[in-house]
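The values are calculated or read from the model by the stated rules, or taken from the named source; none is laboratory data. Values in this document were obtained by computation on a predicted structure and should not be read as measured data. Here the Cβ is made from the backbone with ideal geometry for all residues, glycine too, and neighbour counts use every protein chain on show.
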Amino acid sequence: MGAVLATDVGRKDGGPDITVERGQRAVFCGLTSIVWLHRKIQDAFFLVVGSRTCAHLIQSAAGVMIFSEPRFATAVLDDRDLAGMADCSEEVERMIAKVLQRRPNLKTLFLVSSCPSEVIKIDLENIAKRYRERSQGSLRVISYSGSGIETTFTQGEDSCLQNLVPEMPVHTVEKNQLLVVGSLPDIVEDQFARLFGELGIEELNFFPGRQSETLPSIGPGTRILLAQPYLGETARALIARGATLLAAPFPLGAEGSLAWFRAAAESFNVPEDVFKSTMRAPFERAQRSLEGCKETLENRRIAFLPDSQLEIPLARFLSRECGMVPTEVSTPFYDALTMAQEAPLLPEGVEWFEGQDLDTALDRVRASRPDLTVCGMGIANPLEAEGLRTKWSIELMFSPIQGFDQAGDLAELFARPLRRQARLEVGSWS
Amino acid sequence: MELTLWTYEGPPHVGAIRVAASMERVHLVLHAPQGDTYADLLFTMIERDGKRPPVTYTTFQARDLGGSTANCFLDTLRAAADRFKPQVLLVADSCTAELLQDQPGSLAATAGISIPVVPLEMVAYSRKENWGASETFFQLVAGLLRGVEKPAATADNRPVRPSVNLLGPTKLGFRCRDDILEIESLLNGVGIDVNVVAPLGASPADLLEIPNADLNVCLYPEVAASTCQWLKRQFGMPYVDIVPLGYGATRDFLTAVSEALDYPINIDAIDHCRLPWYSRSVDSTYLTGKRVFIFGDATHAIAAARVASRELGFEVVGLGTYAREQARDVRAAAKELGLEALITSDYLEVEAAVERLAPELVLGTQMERHIAKRLGIGCAVISTPAHVQDYPARYSPQMGFEGANVMFDTWVHPLVMGLEEHLLTMFRDDFEFNDSAVPSHLAEEGGVSKRPEEQVNADDAEIAWANSAELELKKIPFFVRGKARRNTESFAVEHGLNVIEVETLYEAKAHFSR
């Protein structure tokens, strides 16, 4: 697999045959990504300007509330704001002041717009700009959209990172650098850093990093490797600043991780023997870790309802490395730029859908009765009650699943519901 | 704008979904942007519902804005009517759709649908979830019963047994499922029939039967008060609004039902409640004056204050609610206990109050459970918002005599048991059984796995503890040590002392035990 320039992978042709559905969509909005982004970027605060619904969504999506004062909050709009009795930019600044009072050491404050703030056209970008001009302090204030009318679920991270790109300094150093893009659990990030180090790729940065005070630089010498599949707009923004997108599948499973590292190794001219000797142990370990689940997963049929944008890479991993048979792969939207290396790896006979029409999609699942359905949290128990086994997908966002040493854990997430079915005597799954 | 970290209540349209999800053959078409479908998981995950709530969302996106969202709503409405064929369609806006002013109610009226439509106005920017549930229930009942004749009570059709409606229980309410069973069996036990339970389990056809009962029971005023008032105006139906939460309240409730129906009830004959004896038994002596902090919805908070102070002999040190609509009632209940009620929807304020008051038990919502856990204080959940563990598999009502038993067990359990308190003192210096070990019955509570270090207040840093005083403090059992430390320090500040000696400790003890 060779490194391909971004311009080569942007083409739409050669993509899969996708049915586009426009109907009721059972997906989270982009605000949900704050749940993992605030854990990743620990010196940042996320201030949503929205309604009580926004606040309720974030705490509900988090499943259990996080056991401390969170690094996110919602400025809930009220009648005064809507009636124009309150100056919204003054109000937002009052909210910022409140946040800073509790957390004076923040480095970045994200002003996140929501459906209601966008519909009444509160210009958070302008408010952020004016705040920075006036305060001239060290606090970076950035606005981005997490609204449901603009973003779905993981797109919230894309929107956040995209709006950080203009903040990145220009990369002036001659030496090429590798930028890994997409928030990863710290443990995965550390594993990746060790392996890149062993490959001799020393100019390495992760975006987003654990702190936001200094951002990685960007320029023509920057090669980007996407660690998450939902970052199309961020990738485009980075490309626009001169970076080169390395063509690779995503680091899910042994094979996916190997190809992902290979894309970087080839781009940085890592000698083949160094690549092989570095990758051998982790690759073999990953393969071994999959053995335990194969028996459970092999030849089992799996359907993906649209949710996290991880559907296509997961279907690839589960079919090629675990022997599962994907029947339907639906994704909130299909981005040819990020899926170029993934889509061709899916087996024949998969039905592809973009968007959603919930009731029709549920009808299809009821008719085909796959062994496992990957879906959002709201739908999982109802399908279980109808005798179908499910895997709710938000867990895939909260667990470390990328890289060689998580391949087994990833397979286990899908095997566990099937093992449970085999164990239980009570109730019935047909 | 109001800065909100965690919210006690959802937006009003979630209240509408709760009512729709509670009922049979009702479907809600909600004009809402993509993402608002998160509300499904409240029902399917937290309450483990085996079916999606009966809601179809329009889930419009940016590309639909600018004229076509109204069509999007109409298409969704027609498709939902076709697919689900409900007896009644509810239509409403979520917060974002309200701003578009598509007016689903007017649109639905022109949609040419044969199913009756009840339009809801959720006023998302000034109201919250419980109000939304109340308004939805009221609009449904009023919408179906407006213009219906009051059934004539003739000698022929008057049933032999009196009957009541139980109004207010909903999905995602606190223990509603079990409360209904308990109250129904209590009433059946004294010869009273339950005519309609609503919204939970009722269909629109059932709502039409409401006027056939003799009395309404306003079981959850947050949801049913406005409906009960309307039914009284419309049909002259009396209602009882004493909520049977706690032993005394259950007896008061039965007395009120008896009086309203003019029907004698022998309460003693059905009173098998164990709470009164358990509370009088000697082991419960240690409950005397336990400091308890109470926060929740108004109904559960007020009831808990009565049970805590008058039925368990606790000392209520704080009482509050997030429900501003019922703030007056909570203020009155607090005043009776010599307290000022805490009325707030800001959980940080609640946390600060708990920290300041240093109670031995917190009775609250899911939020207070987190607060108590962080502060290492025992806690029982008494009100929504609640999490998945508060929708238990077992029968666990809060209302009625069995509910009082459940409350006794649940509230006493997180406390250090009477005998154990003495043992802790006796064995304080034992190398295995010492006061840094967690009481055995709490070890598996998931709560306090390790006792948090006592915090020395940074503001009091100018006060020093003499070594001897510090050692003496350690001899005091851990569960009062924090309080002793704070009391002694505030005593020292009050008396201008810089160093706390052993003597100061005992001076303070005497001072505070007056």
* Structure fact -> Per the filter on the stretch A:292-308, residues of a type in the set (S, T, N, Q) and at pLDDT below 95 are A:S308
* Is there any pair with a first residue in the stretch A:325-345 that is closer than 25 Å to A:L362 by Cβ and a second that is among the β-branched types (V, I, T) and surrounded by fewer than 24 Cβ atoms within 10 Å (Cβ to Cβ) whose Cβ atoms are under 6 Å apart and which are 6 or more apart or on different chains, and what are they? -> A:P326/A:V350; A:V329/A:V350; A:Y334/A:I18
* Asked: Any idea which of A:V20, A:V99 is facing chain B (nearest Cβ under 8 Å), more than 27 Å from B:G15 (Cα to Cα) and modelled with pLDDT of 90 or more?
  -> A:V99
* **Entirely in the stretch B:55-146, the strands (runs of 3 or more DSSP E) that have 1 or more residues that are within 14 Å of chain A (Cβ to nearest Cβ)** => B:55-57, B:88-93
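For (1) assigned to a helix (DSSP H, G or I); (2) more than 28 Å from B:V141 (Cβ to Cβ); (3) at pLDDT below 95; (4) touching a His at 6+ places or on another chain (Cβ under 6 Å), each residue gets a yes or a no:
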| residue | (1), (2), (3), (4) |
| --- | --- |
| B:V223 | yes, no, no, no |
| B:Q229 | yes, no, no, no |
| B:A256 | yes, no, no, no |
| B:E259 | yes, no, no, no |
| B:S284 | yes, yes, yes, no |
| B:V292 | no, yes, no, no |
| B:V307 | yes, yes, no, no |
* Just checking, how many residues over the stretch A:72-86 are at the interface with chain B (Cβ under 7 Å from one of its Cβ atoms) and not in a loop (DSSP other than H, G, I, E, B)? -> 7
* Structure fact -> Flagged in the stretch A:269-287 as surrounded by fewer than 19 Cβ atoms within 10 Å (Cβ to Cβ) and under 27 Å from the mean Cα position of the chain (by Cα), in numbering order, are A:F283, A:E284, A:R285, A:Q287
* For the subset of the stretch A:102-137 comprising residues that are of a type outside the set (D, E, K, R) and either surrounded by fewer than 16 Cβ atoms within 10 Å (Cβ to Cβ) or at pLDDT below 90 (or both), which member is nearest to B:L348 (Cα to Cα)? -> A:P104
* Within the stretch A:204-227, work out how many residues are of a type outside the set (F, W, Y), out of contact with any His (no Cβ under 9 Å at 6 or more places or on another chain) and either under 24 Å from A:N269 (Cα atoms) or not in a loop (DSSP other than H, G, I, E, B) (or both). => 7
* Asked: Which one of A:I201, A:I187 is in contact (Cβ under 8 Å) with a residue 12 or more places away in the chain, over 15 Å from A:S212 (Cβ atoms) and assigned to a helix (DSSP H, G or I)?
  -> A:I187
* Of all residues making up the stretch B:342-353, the number that are more than 16 Å from A:Q59 (Cβ to Cβ) and either under 16 Å from the mean Cα position of the chain (by Cα) or within 14 Å of chain A (Cβ to nearest Cβ) (or both) -> 5
* Just wondering, is there one or more residues in the stretch B:109-126 that are surrounded by fewer than 24 Cβ atoms within 10 Å (Cβ to Cβ), among the acidic types (D, E) and under 15 Å from B:R18 (Cα atoms)? -> no
* Residues of the stretch B:332-358 classified as of a type in the set (D, E, K, R), surrounded by fewer than 18 Cβ atoms within 10 Å (Cβ to Cβ) and assigned to a helix (DSSP H, G or I), total -> 5
* **Elements of type helices (runs of 4 or more DSSP H) in the stretch A:313-403, at least 1 residues being in contact with an Asp or Glu (Cβ under 8 Å, 6 or more places away or on another chain) and hydroxyl-bearing (S, T, Y)** => A:358-368
